[in-house]
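Heads up, the thing below is written out as structure tokens.
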Amino acid sequence: MNVPSSILVVDAAILIRAVLGRGRELGSLVLIGEVRSLAVSTRIVEEAVKVIASRRRDWARPVEVAIDLVTVYPADFPDVEVAAERLRLAPQSGNGTTSDDHVLALAWLLSADIWTHDRDFARAGWATWSSANLRRSLLEDG
């Protein structure tokens, strides 16, 4: 059975769900953060804050709580252009979007898997984990 890498890059959608209270994401962020290092880029934080602020008036404190659970890296790391091209050419991607190039580039930089519900990363050849699979692998099995 595959196991997640020791570091996980957290996609913006996971942070958004954690703060907006959808499902078990905040609890998962806390629990998974106890057994794996969680990483985001400043671009991931900016994307999450933009969405959260548009949907929740009292967004600052919950965002702060979520951000305290992760390590934030500057978004000026190498290979963003290469990551964008990899995502654009991903087989069966369907949309050819490159907006998450910084997520993939950070994963490469840290040799980390990605915690996301987006399938384009896996289609681009990088390991990804959904929330349910992470919980099952890390929390329920040991």
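Quick notes on this structure:
- Applying the criterion of being among the small types (G, A, S) and crowded, with 21+ Cβ neighbours inside 10 Å to the residues of the stretch 13-47, the residue that is farthest from S131 (Cα to Cα) is S41.
- Here S131 fits the description: modelled with pLDDT of 85 or more, under 17 Å from V10 (Cβ atoms) and either among the polar types (S, T, N, Q) or surrounded by fewer than 17 Cβ atoms within 10 Å (Cβ to Cβ) (or both).
- All told, V72 meets the bar of being more than 18 Å from L134 (Cβ to Cβ), touching a strand residue (DSSP E or B) at 6+ places or on another chain (Cβ under 8 Å) and either assigned to a strand (DSSP E or B) or at pLDDT 90 or above (or both).
- Condition met for A13 (part of a helix (DSSP H, G or I), out of contact with any Leu (no Cβ under 8 Å at 6 or more places or on another chain), within 22 Å of R123 (Cβ to Cβ) and modelled with pLDDT of 90 or more): yes
- Test: R119 is modelled with pLDDT under 85 and not aliphatic (A, V, I, L, M): yes
The values are calculated or read from the model by the stated rules, or taken from the named source; none is laboratory data. Computed from a prediction, not measured in an experiment: that's the story for all the values here. FYI the Cβ positions are ideal-geometry reconstructions off the backbone, even for glycines, and counts take in every protein chain you see.
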